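**Q** Provided herewith is a single structure, encoded as structure tokens, for subsequent inquiry.
Any read-out appearing in this document is the output of simple, stated calculations on the displayed coordinates, not a laboratory observation. Predicted model, so just to flag it, every value in this text is computed and none were measured. Please note: Cβ atoms are built from the backbone with ideal geometry, for glycine as well, and neighbour counts cover all protein chains shown.
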Ligand SMILES: NC(=O)c1ccc[n+]([C@@H]2O[C@H](COP(=O)([O-])OP(=O)(O)OC[C@H]3O[C@@H](n4cnc5c(N)ncnc54)[C@H](O)[C@@H]3O)[C@@H](O)[C@H]2O)c1
């Protein structure tokens, strides 16, 4: 007995890394899976269908059920073909996991259109295309589970403004899908993973990082009937850690009758003030340490 017996799950970006671990885990829990992967390099170039085929062969060799799909999630037709693969091969669709992603790292002030567009297209539009394609099926059957992939970088990033913007967009998309599909019994949640993979290869040392296989069980839970009623949430999955993120809400306000002037806002600004942005705090601390080190001739601690 598997927790996903009888379910059909499509996973994008399932040829490598976290997507592959999720596909293999879902199959081991009894799901029939569509293994989608466009088979591209880390920056999204040189597509090949081999990576998806290889994962399907591994799943079948282990006694599971799987079919490969090498479409790009950046096209509406790609999203539709992924869902159609599920219907044609297994007769239904119960879960969509949007993992596919690429990186084009650049400081914001140097970033060009050819670094911005493909990252937004792969992550944000690539989640929309496959989520949208499953929507009529989920709505008609009155059930279904969406799992999107964000990153801690959605809260802000120094050198990945394109990626952070896409990942923030994914959070808002997934919450909106949770709201828009709520009355049809469809849930939509987001994973913020941390795991060793080719994509995380450049992350500096010192960050606690689990394996792709550690991320898969939380995704499996969100796809399973054990998570009915769980929707609109973001969960970190990193090694043995699972954490829930807060929801954005207004935290303080100030009011007056009528329209404010700049001088009035300035005079009372402390009433609303600022909310600490963790990344800026870290940068400010580093800058202060570097300044001190320069003054004293010591080596700054990073
Ligand atoms: N690894 C981490 O620590 C980490 C941290 C935060 C977020 N994430 C997110 O988790 C997801 C998986 O990351 P990973 O580390 O396993 O990366 P990965 O590079 O190992 O795998 C991503 C896969 O997506 C596929 N892909 C890229 N463009 C595609 C397209 N247009 N259509 C279909 N497939 C496409 C690639 O071929 C690749 O196999 C990504 O969305 C990533 O942003 C990962």
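**Q** Got a sec? Which helices (runs of 4 or more DSSP H) wholly within the range 191-302 have at least 1 residues that are within 29 Å of residue 23 (Cα to Cα)?
**A** 212-223
**Q** Could you tell me how many of the residues in the range 172-190 are in a helix (DSSP H, G or I) and within 12 Å of the ligand (Cβ to nearest atom)?
**A** Selection size over the range 172-190: 0.
**Q** Among the residues of the range 149-165, count how many are without any contact (Cβ under 8 Å) to a residue 60 or more places away in the chain and either within 14 Å of the ligand (Cβ to nearest atom) or surrounded by fewer than 20 Cβ atoms within 10 Å (Cβ to Cβ) (or both).
**A** Number satisfying all stated conditions: 8.
**Q** In addition: Yes or no: the range 116-134 includes at least one residue that is closer than 18 Å to residue 233 by Cβ, within 11 Å of the ligand (Cβ to nearest atom), assigned to a helix (DSSP H, G or I) and in contact with a helix residue (DSSP H, G or I) (Cβ under 7 Å, 6 or more places away or on another chain).
**A** Yes, the conditions are met somewhere in the range 116-134.
Here's the yes/no breakdown for (1) in contact with a helix residue (DSSP H, G or I) (Cβ under 9 Å, 6 or more places away or on another chain); (2) within 14 Å of the ligand (Cβ to nearest atom); (3) on the phi < 0 side of the Ramachandran plot:
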| residue | (1), (2), (3) |
| --- | --- |
| 36 | yes, yes, yes |
| 40 | yes, yes, yes |
| 44 | yes, yes, no |
| 59 | yes, no, yes |
| 68 | yes, yes, yes |
| 73 | yes, yes, yes |
| 76 | yes, yes, yes |
| 84 | yes, no, yes |
| 89 | no, no, yes |
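**Q** Let me ask something else. Tally up the residues in the range 18-57 that are in contact with a strand residue (DSSP E or B) (Cβ under 7 Å, 6 or more places away or on another chain) and crowded, with 19+ Cβ neighbours inside 10 Å, please.
**A** 15
**Q** Six or more apart or on different chains, Cβ atoms under 9 Å: show the pairs whose first residue is in the range 92-114 and free of Cβ contacts under 8 Å to residues at least 40 places away in the same chain and whose second is buried (at least 19 other Cβ atoms within 10 Å of the Cβ) and assigned to a loop (DSSP other than H, G, I, E, B).
**A** 114/104
**Q** Can you confirm whether the range 255-269 contains a residue that is touching a helix residue (DSSP H, G or I) at 6+ places or on another chain (Cβ under 8 Å) and free of Cβ contacts under 8 Å to residues at least 24 places away in the same chain?
**A** yes
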